[in-house]
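The values are calculated or read from the model by the stated rules, or taken from the named source; none is laboratory data. Quick caveat, the model's predicted, so the values are computed rather than measured. Cβ atoms come from the backbone with ideal geometry, glycine included; neighbour counts cover every protein chain shown.
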Amino acid sequence: MKTLLSWVVAIVVIILVVIGLASLANVMSGVTSFPDWTGFNQRTLWDFIKDFSGMIILIILIYAFFQDRSQGRKAAEKAREERRQELAMARDQAREAVLETYLDQMKELLIDKGLRRAEPTDEVSVIARTLTLASMARLDGKRNGTLLRFLTEAIGLSKESPVYLAYADLSQVDLRGAFIPEINLSEARLVGADLSGAILTEADLTRSYLHQAKLSGADLNGADLRGAILTEADLSRAYLHQAKLNGANLTGVSFNSRTTWPDDFDPVKAGAVKVVT
């Protein structure tokens, strides 16, 4: 808007300067009139004042029009941004409420229904698993990480746990540095999960989907990764000694000189890429 106004003002000034210079040149050369083709000889000073007054008014109207449009756009953008923030806050509050409700329900199952001593096929275990999977679907990665840490401390998440998480959707879950040995995440969806530095010894990750997962520094000693999809995952500094990798898809996996692989396993041949760090 300011650029447009500047151009209009510049054009008007140029016109005025040209007329002034032409008049000055005429006076200095002794000519008291303009050439007939200019039409200026038939116009009075008042005519020029009226013309330029009209031009100034037009400039003001143009400026006011574009200024109003600019302010309208800014107001609309501000309203949209405020709406986005309100929606984000509402979603965040809703997720926090889901997590709090889940923790209260699970505490009741643990204290009043004996979930800790239940078998995986018992009714209380089925209820707990249903509540867990339903809540996970409504939570973000950070809160799903909190949920898993709670389950690990409360009942453990081994293969014999009353609540197992096979087929769970844990995409983007934040489990950095988590201590979750022997966890059963068979066929779980862990796209983009952050498991950096996590202790996953003897974990069951068979046929899990770990595309672009962050496993830097993770301890996967003895973990079962048979049939797992690890495409484009980060395994730098990961410890996979004695891990089972039969049928695992390692295409595009990044690793470095500090990554420990099972004996006689060739990661490059399996599609992994060694990076220099």
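Worth a mention:
- Pairs linking a residue in the range 200-229 that is surrounded by 20 or more Cβ atoms within 10 Å (Cβ to Cβ) and among the aromatic types (Phe, Trp, Tyr) to a residue that is in a strand (DSSP E or B) and at pLDDT below 95, with Cβ atoms under 6 Å and 6 or more positions apart or on different chains, are Tyr209/Arg189.
- Considering each residue of the range 100-111 in turn, at least one proves to be at pLDDT 80 or above, closer than 30 Å to Phe150 by Cβ, hydroxyl-bearing (Ser, Thr, Tyr) and in a helix (DSSP H, G or I).
- Just one of the numbered conditions (1) surrounded by fewer than 20 Cβ atoms within 10 Å (Cβ to Cβ); (2) of a type in the set (A, V, I, L, M); (3) in contact with a Leu (Cβ under 6 Å, 6 or more places away or on another chain) is not true of Ala233: (1).
- Check on Arg258, out of contact with any Phe, Trp or Tyr (no Cβ under 8 Å at 6 or more places or on another chain), surrounded by fewer than 20 Cβ atoms within 10 Å (Cβ to Cβ) and closer than 18 Å to Ser196 by Cα: yes
- Residues within the range 187-199 that are surrounded by 21 or more Cβ atoms within 10 Å (Cβ to Cβ) and in a loop (DSSP other than H, G, I, E, B), tallied: 5
- Looking across the range 142-183, the residues that are surrounded by fewer than 17 Cβ atoms within 10 Å (Cβ to Cβ), closer than 16 Å to Ser125 by Cα and in contact with a strand residue (DSSP E or B) (Cβ under 7 Å, 6 or more places away or on another chain) come down to Ser158, Lys159, Ala166.
- Residue count for the range 261-277 under the criterion of being in a strand (DSSP E or B) and either of a type in the set (Phe, Trp, Tyr) or surrounded by 15 or more Cβ atoms within 10 Å (Cβ to Cβ) (or both): the result is 0.
- Of all the residues in the range 169-201, those that are acidic (Asp, Glu) and more than 18 Å from Thr130 (Cα to Cα) number 3.
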